[in-house]
Amino acid sequence: MRLNWAIIGTGTIANEMATSFMKKDKNIYAVCGRNIDKMQHFADKYHIEKQCIKLEALLSDEHVDAVYIATPHNTHFEIAKQALLHDKHVLVEKAIVINRDELDELNNIAYDRNLMIMEAMTLLHMPLIKKVKSLVAAGALGDIKTINVTFGSHKPYDVKNRFFNPDLAGGALLDIGGYAFTAARYFMSEQPTNVSSFVNYFETGVDEQSATIISNSKNELATVSLSMQAKQPKALTISGTKGYIRVLEFPRAQEATWYHTETKTCEVIIGGNTEDALVYEVEDFENAIENPNQIKVYNDMTADVFSIFQTIQTKWQLSVF
């Protein structure tokens, strides 16, 4: 299937996605942005036929089959909703929305109109992660006991920056927490039933850093450490009774280390290419349009993570949600 794509937003991740589209000869038909000069530059750079300042003009174009939304978190819900109501398939940059109620509403609209909507959660589409998932499911690590995830960025101290702006749904949980909690949940055999979380706030009121423990009825336990001002390795470790697998730079990783407890030996697992991360994401989305059952595993995972977020939000009493 060759879709006519529209990109909404012209920032860093939109440029990365456009580059991936061109690499695989996918058609970017239109772009929408608030800044005319930036939008025109974006259109020229990627040879895009149509430019729209107004969202309605883009969504009303019958030639647009699917949209990729790369705007700030707090705008995702309304843009995605309007896109679905205009009968467009929708791929939304993480975090897809800011709470579970918004997610459920979008999924219901998509279902009723026979459309695809998916969060652009790169982790789930990487060949390496799929390979590790298959190993875990086959019992290669024995019974899973613990999953440890660390993800820390160092953002400049700027109260006006979107990362710390509550009006733009800032904070670590929505910005980088999606990757970390998706990694933890993906390698647990069932949804967590217990959540304990500790948080430190930035002066604007958003979550600057946190440590969270989640567990389920299978006695699987995961710890997730997030920070917006302390760089941490993007590290995922899945540990079981037979060994562990450790993935560094996990959202886009192409290599992992597998430690075998019995033999005390290590081997390297390789899958995919880091530079094709967004390509895998888009290809899985397009395949799901032709095979709708494929989208369920991704959307169920997103829903589970947002349920965890909702529990954390309640414990934190974080108003941005």
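Brief remarks follow.
- For GLN40 and GLU78, the FRET efficiency from 1/(1 + (r/R0)^6), where r spans their Cβ atoms and R0 equals 30 Å, is about 0.75.
- GLY243 long-range amide H proximity, modeled H, under 5 Å: THR261
- GluC sites (Glu not before Pro) restricted to DSSP loop in region 225-272 with at most 12 other C-beta within 10 Å: GLU262
- The value of relative contact order for region 18-124, using C-alpha pairs under 8 Å at least six residues apart, is 19 percent.
- Difference of contour (0.36 nm per residue) and Cα-Cα distance, ASN161 to THR261: 31.5 nm
- Cα shape, region 163-290, gyration tensor, a/c 1.5 rule: oblate
- Crossing angle, helix 73-85 versus the chain [Cα axis fit, 0-90 degrees, rounded to tens]: 60
- DSSP assigns beta bridges within the chain; of those with both partners inside it, close to 60 percent run antiparallel.
- Residues whose amide H comes within less than 5 Å of that of ALA140, counting only those at least five positions distant or on another chain, are absent (H built at 1.01 Å from N in the peptide plane).
- In order along region 278-287, the phi-based Karplus estimate (6.51 cos²θ - 1.76 cosθ + 1.60, θ = phi - 60°) of 3J(HN,Hα) comes to 6, 5, 4, 4, 5, 5, 5, 5, 5, 5 Hz; Gly and Pro are listed as x.
- Spatially close lysines, pair count over region 127-254: Cα under 19 Å, gap of eight or more or interchain: 12
- Calculated from backbone phi, Karplus (6.51, -1.76, 1.60) coupling profile of region 38-46 in Hz, x at Gly/Pro: 5, 5, 5, 4, 4, 5, 5, 4, 10
- Each residue of region 104-112 was assigned a 3J(HN,Hα) from its phi angle through the Karplus expression (A = 6.51, B = -1.76, C = 1.60, θ = phi - 60°), giving 4, 5, 5, 4, 5, 5, 4, 4, 5 Hz with x at Gly and Pro.
- In plain terms, the chain from THR193 to LEU248 could stretch by 17.1 nm, reckoned as 0.36 nm per residue minus the Cα-Cα distance.
- Folded to 0 to 90 degrees: helix 12-23 orientation relative to the chain principal axis, Cα: 80
- Cα-based reach from LYS88 at 20 Å (exclusive), listing lysines while leaving out same-chain residues under 8 positions away: LYS26, LYS50, LYS54, LYS296
- Computed from the Cβ-Cβ distance with R0 of 25 Å, the FRET efficiency linking ASP61 to ASN291 stands at 0.40.
- In this structure, the amide hydrogen of VAL67, modeled 1.01 Å from its nitrogen in the peptide plane, lies closer than 5 angstrom to those of ALA6, HIS89, VAL90, LEU91, counting only residues at least 5 positions away or on a different chain.
- Region 74-132 and region 285-321 have Cα centres lying 8 Å from one another.
- Each of HIS47, HIS89 has its accessible area taken with a 1.4 Å probe; listed largest first, they run HIS47, HIS89.
- Calculated FRET value between LEU85 and GLU275, using beta carbons and R₀ = 45 Å, to 0.05: 0.80
- When only Cα pairs below 8 angstrom with a gap of at least 6 residues are kept, region 169-220 shows a relative contact order of 38 percent.
The values are calculated or read from the model by the stated rules, or taken from the named source; none is laboratory data. What you see is a predicted model, and the numbers here were worked out from it, not measured in a lab. Cβ coordinates were reconstructed from backbone atoms using ideal geometry, including for glycine residues, and neighbour counts include every protein chain displayed. We work out accessible area using only protein heavy atoms, side chains counted, and drop any ligands, DNA or RNA first. Shrake-Rupley method; radii C 1.70, N 1.55, O 1.52, S 1.80 Å.
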